[in-house]
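Notes to accompany the following structure.
The values are calculated or read from the model by the stated rules, or taken from the named source; none is laboratory data. Please read these numbers as outputs of a predicted model, since none were measured by experiment. All Cβ positions, even for glycine, are placed from backbone atoms using ideal geometry, and neighbour counts span all protein chains on display. The accessibility values were calculated without ligands, DNA or RNA, using every heavy atom of the protein model including side chains. Shrake-Rupley method; radii C 1.70, N 1.55, O 1.52, S 1.80 Å.
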Amino acid sequence: MKSNRDNKSKTKFWWAIFIIFVMLSSSAAFVWNSFSNSNGNIKDKATFNGYKFKINSNGIWETIYKGQTFEFYYLPDQLNDISLNDITINEQKVYIAYNASVNDQYTALNMQRLRLLMYLNNIMGITSCIEEKNCPDIPVVDCDGSNKVIYLKLNEESIGKIETLEDCTVISGNSIAMNKAVEKLIYRMMDII
């Protein structure tokens with residue numbers, strides 16, 4: 001009787017090992033495939049509209065724009081789910097606004113990236129708040145049309161949105177979705193897409 005139980009236990013053990021192996025193999029294949037091109041080689045270089053991208057030591061895409069290295073988590077063709085109307089920024093001063101009561105580390109990172117891009121294009125990017133509550137000592141602006149504003153609006157939406165309302169461009173989504181939308185706007189401003 002004991003040997004029958006031992007055989008069943010061994011069989012269950014080997015089936016468990018087999019299932020774990022299959023799950024790990026399929027997960028590894030999925031990850032490998034997401035980083036591979038059609039030849040099965042890991043994609044570590046890409047070109048879009050004359051800009052060459054490569055993966056840096058941190059696993060992030062980078063390209064050179066006006067002598068500065070810009071890092072991107074996504075390539076332009078990975079952002080097709082985000083629509084972007086014609087947005088032109090030809091003002092000398094643009095307010096990059098956020099809600100100081102609702103923000104995270106990615107909001108600050110995206111504000112810095114936008115400010116660097118504007119600086120390279122001779123545009124003054126001014127960090128600002130959209131409301132006074134919890135706002136540090138920086139300008140408070142709104143979307144009333146008196147200033148050009150890019151508002152980074154953090155919310156729970158899993159798909160990033162870019163909407164233009166007169167002189168106000170609202171980029172919204174959760175942290176990941178907003179990051180994708182900001183990258184799409186940066187690609188547009190750099191004439192990559």
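Any residue at all in segment 166-183 that's open to solvent by 40 Å² or more (accessible area, probe 1.4 Å) and either closer than 24 Å to residue 66 by Cα or in contact with a Phe, Trp or Tyr (Cβ under 6 Å, 6 or more places away or on another chain) (or both)?
Of all residues in segment 166-183, those open to solvent by 40 Å² or more (accessible area, probe 1.4 Å) come to 166-167, 174, 176, 180.
The next check asks that each one be either closer than 24 Å to residue 66 by Cα or in contact with a Phe, Trp or Tyr (Cβ under 6 Å, 6 or more places away or on another chain) (or both); those that pass are 180.
Yes - at least one qualifying residue is present in segment 166-183.
The residues on offer are 119, 151, and the sole one that is hydroxyl-bearing (Ser, Thr, Tyr) and farther than 22 Å from residue 51 by Cα is 151. From the residues in segment 24-60 that are touching a Lys or Arg at 6+ places or on another chain (Cβ under 7 Å) and either at pLDDT below 90 or closer than 25 Å to residue 172 by Cβ (or both), which one is most open to solvent (accessible area, probe 1.4 Å)? Applying the filter and picking the extreme gives 35. For residue 114, the conditions (1) surrounded by 14 or more Cβ atoms within 10 Å (Cβ to Cβ); (2) part of a loop (DSSP other than H, G, I, E, B); (3) touching a residue at least 60 places away in the same chain (Cβ under 8 Å) all hold with the exception of (2).
Quick check on my filter: what residues within segment 81-107 are assigned to a loop (DSSP other than H, G, I, E, B) and within 25 Å of residue 122 (Cβ to Cβ)? Steps first, please.
Going residue by residue through segment 81-107, those that are assigned to a loop (DSSP other than H, G, I, E, B) are 81-92, 99-104.
Result: 84, 85, 86, 87, 88, 89, 90, 91, 92.
Does at least one position in segment 132-148 carry a residue that is touching a strand residue (DSSP E or B) at 6+ places or on another chain (Cβ under 6 Å), assigned to a loop (DSSP other than H, G, I, E, B), open to solvent by less than 80 Å² (accessible area, probe 1.4 Å) and charged (D, E, K, R)? Can you show your working first?
Initially, segment 132-148 is screened for residues touching a strand residue (DSSP E or B) at 6+ places or on another chain (Cβ under 6 Å), giving 132, 135, 138-141, 143, 147-148.
Retained after the next criterion (residues that are assigned to a loop (DSSP other than H, G, I, E, B)): 132, 135, 138-139, 141, 143, 147-148.
Still in the running and open to solvent by less than 80 Å² (accessible area, probe 1.4 Å): 135, 138-139, 141, 143, 147-148.
Filter again for charged (D, E, K, R), leaving 148.
The answer is yes; a qualifying residue exists.
Scanning segment 62-80 for residues that are outside any helix (DSSP H, G or I), of a type outside the set (D, E, K, R) and more than 13 Å from residue 49 (Cα to Cα) turns up 67, 68, 69, 70, 72, 73, 74, 79, 80.
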